[in-house]
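The values are calculated or read from the model by the stated rules, or taken from the named source; none is laboratory data. These numbers come from a predicted model, not from an experiment. So basically every Cβ, Gly included, is an ideal-geometry build from the backbone, and we count neighbours across all protein chains shown.
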Amino acid sequence: MTHTPNARTAALSKAGVSIWLDDLSRDRLTSGNLASLIQELSVVGVTTNPTIFATALSNGAAYNEQLRQVADQGLDASIRAMTTTDVRDACDLFMDVYRHSKGYDGRVSIEVDPRLAMQTEATVEEALALHETVGRENVLVKIPATEPGLEAIRRTIAHGVSVNVTLIFSLDRYLAVMDAYLSGLEEANAAGIDLSTIHSVASVFVSRIDTEVDKRLDAIATPEATALKGKTALANARLAYQAYDRTFSGDRFQALEAKGANRQRPLWASTGVKDPTLPDTLYVTQLVAPGVVNTMPEKTLLAFADHGEVEGDQVTAHYAEAEQVLEQVRAQGVDLADVFQVLEREGVEKFEKSWAELLQTVQGELDKL
């Protein structure tokens, strides 16, 4: 059966945006849904997180057969067996995309246990174990950009393992993430690892920033504060792209690039609009730029396929405006440093909560068996 690609998502891809789906489940794989999204909506990758798997495994019917097979391995091992199976199967589904793009796309991400977010050594061990267990070269291991996570990112990259750095909110932390990536590449090169085999993306979160900042602007309640609602996340992402452009045009990376190294691409995460007064495709149409990834929940992807528009590069043309927006937000009394700290802490806590729910769900199924 021939599938006609959607013109809007095809245009987004042509503009330089890699479309990744922010969701995965066994039903998506077995029903052919994910394969259809690849063919029809230009999806070239998938991201997962503990919340996504908690939702997927809460529909136990799709996993019952495998759960019976791995039940004697214990709770944590059973969960990892099921999640890595889904990721491995998705990696196989994307293998043609991966090979055609020479490793640029066709990627599937799996996150380390969120309970390890503040433990460097344990994160590195789990990242290497996940990479080996999935056993596919197009897997990306997700590591949160907490302060202990930065060292884990560097060491994992130094082992030659490709990484999706997640939970990035502030520009300062993003700069530290890029430094960790470059340091890891330098160590990998010194160890004789082929740098061309190492890929990475840096997941800069978007909508959660507006949610937190706009709540504070509402509390300030001045006309100037109200006028700034819905602008901070785009400004922050645009300045992140500017930092990316500067870093990967610099001498340090160029020396690595000459040895085969790849850029660590920005990935726009949390792109589903939370505020119903904002356009539902805001964080897609306004963050078009060459060489980025936009990982979308299905609702946002379908909305863009229905009525989204690509109006050219909407990032680099707005650097000056982005700086002004953040200055104006600060001038209204919003402490952005505190915003970013709150969001990082809440991000880790949300994933830990989802992981706890996942453990409870699977334990319930194990008890039945």
Unique residue being touching a Pro at 6+ places or on another chain (Cβ under 9 Å), at negative phi, of a type in the set (A, V, I, L, M, F, W, C) and part of a helix (DSSP H, G or I) when the list is Ala202, Ala237, Ala233: Ala237
Yes or no: Val177 of a type in the set (Val, Ile, Thr) and outside any helix (DSSP H, G or I)? no
Picking from Thr84, Thr55, Thr51, the residue that is at pLDDT 95 or above and not basic (Lys, Arg) would be Thr84
In region 271-314, which residue that is of a type in the set (S, T, N, Q) and part of a loop (DSSP other than H, G, I, E, B) is farthest from Arg28 (Cα to Cα)? Gln314
Looking only at region 258-271, which residues are surrounded by fewer than 22 Cβ atoms within 10 Å (Cβ to Cβ) and either β-branched (Val, Ile, Thr) or under 13 Å from the mean Cα position of the chain (by Cα) (or both)? Arg265
Report yes if some residue within region 301-317 is more than 16 Å from Ser13 (Cα to Cα) and crowded, with 19+ Cβ neighbours inside 10 Å; otherwise report no. no
Within region 157-172, count every residue that is buried (at least 21 other Cβ atoms within 10 Å of the Cβ), in a helix (DSSP H, G or I) and in contact (Cβ under 8 Å) with a residue 40 or more places away in the chain. 1
Within region 1-46, take every residue that is of a type in the set (D, E, K, R) and not in a loop (DSSP other than H, G, I, E, B) and give me the one that is surrounded by the most Cβ atoms within 10 Å (Cβ to Cβ). Arg28
Can you go through Asn59, Asn64 and tell me which one is surrounded by fewer than 16 Cβ atoms within 10 Å (Cβ to Cβ) and under 24 Å from Lys353 (Cβ atoms)? Asn59
Say we look at region 217-256 and pick out the residues that are touching a strand residue (DSSP E or B) at 6+ places or on another chain (Cβ under 7 Å) and within 30 Å of Ile193 (Cβ to Cβ); which of these is surrounded by the most Cβ atoms within 10 Å (Cβ to Cβ)? Ala240
Test of understanding: among Thr55, Thr133, Thr83, which residue is more than 19 Å from the chain's Cα centre (by Cα) and either assigned to a strand (DSSP E or B) or of a type in the set (Val, Ile, Thr) (or both)? Thr133
On the given criteria, is Asp275 closer than 22 Å to Arg345 by Cα, under 19 Å from the mean Cα position of the chain (by Cα) and not hydrophobic (A, V, I, L, M, F, W, C)? no
Scanning region 118-153 for residues that are free of Cβ contacts under 8 Å to residues at least 24 places away in the same chain and touching a helix residue (DSSP H, G or I) at 6+ places or on another chain (Cβ under 7 Å), which turns out nearest to Val201 (Cα to Cα)? Glu126
Considering residues that are assigned to a helix (DSSP H, G or I) and out of contact with any strand residue (DSSP E or B) (no Cβ under 8 Å at 6 or more places or on another chain), the number found within region 89-127 is 15
Out of Gly333, Gly364, which single residue is outside any helix (DSSP H, G or I) and either out of contact with any Ser or Thr (no Cβ under 9 Å at 6 or more places or on another chain) or at positive phi (or both)? Gly333
Looking at (1) outside any helix (DSSP H, G or I); (2) surrounded by fewer than 21 Cβ atoms within 10 Å (Cβ to Cβ); (3) among the basic types (Lys, Arg), can you tell me which one Lys142 breaks? (2)
